[in-house]
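Visitor: Input: one structure, supplied below.
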Amino acid sequence: MKAFAEPEIVTRNGKPVSVILPIKDYREIMERLEDVEDVAYLKKARRKPLHYRPLEDVLADLAKK
């Protein structure tokens with residue numbers, strides 16, 4: 001089987017429906033997508049106010065369990 005250096009576009013009825021690309025490129029795309037999702041989550045989390053509890057309260061709750 002021939003390895004493609006460039007993505008190959010698969011068409012159906014003259015319209016693109018799929019892409020065949022090297023696994024290295026696919027993995028890079030997936031990693032970048034995960035990075036984008038992580039950044040979006042962090043931005044959303046930073047908009048929420050932070051709530052802190054005294055360490056003594058946390059330790060007391062853990063001791064109850």
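Visitor: Does Lys44 fit the bill of being surrounded by fewer than 10 Cβ atoms within 10 Å (Cβ to Cβ), more than 21 Å from the chain's Cα centre (by Cα) and free of Cβ contacts under 8 Å to residues at least 24 places away in the same chain?
Guide: Judged against the criteria, Lys44 is not a match.
Visitor: Can you work out which of the residues in segment 19-28 that are surrounded by 10 or more Cβ atoms within 10 Å (Cβ to Cβ) and not basic (Lys, Arg) is farthest from Ala5 (Cα to Cα)?
Guide: Ranking the qualifying residues of segment 19-28, first place goes to Glu28.
Visitor: Quick check on Pro49: is it in a loop (DSSP other than H, G, I, E, B), on the phi < 0 side of the Ramachandran plot and either modelled with pLDDT of 95 or more or not small (Gly, Ala, Ser) (or both)?
Guide: For Pro49, the condition - in a loop (DSSP other than H, G, I, E, B), on the phi < 0 side of the Ramachandran plot and either modelled with pLDDT of 95 or more or not small (Gly, Ala, Ser) (or both) - is met.
Visitor: Also, I was wondering about something else. Please enumerate the residues belonging to segment 1-46 that are hydrophobic (A, V, I, L, M, F, W, C) and in contact with a helix residue (DSSP H, G or I) (Cβ under 9 Å, 6 or more places away or on another chain).
Guide: The one that is hydrophobic (A, V, I, L, M, F, W, C) and in contact with a helix residue (DSSP H, G or I) (Cβ under 9 Å, 6 or more places away or on another chain): Leu21.
Visitor: Those residues that are without any contact (Cβ under 8 Å) to a residue 12 or more places away in the chain and over 20 Å from the mean Cα position of the chain (by Cα), I need them from segment 7-40; list them, please.
Guide: Once the filter is applied, which keeps residues that are without any contact (Cβ under 8 Å) to a residue 12 or more places away in the chain and over 20 Å from the mean Cα position of the chain (by Cα), segment 7-40 yields Ile9, Val10, Thr11, Arg12, Asn13, Gly14, Lys15, Pro16, Val17, Ser18.
Visitor: Right, another one. Can Tyr52 be described as loosely packed, with under 10 Cβ neighbours inside 10 Å and among the aromatic types (Phe, Trp, Tyr)?
Guide: Yes: the conditions hold for Tyr52.
The values are calculated or read from the model by the stated rules, or taken from the named source; none is laboratory data. Quick caveat: nothing in here was measured; it's all calculated off a predicted structure. For neighbour counting, all protein chains shown are included, and Cβ atoms are generated from backbone atoms with ideal geometry for every residue, glycine included.
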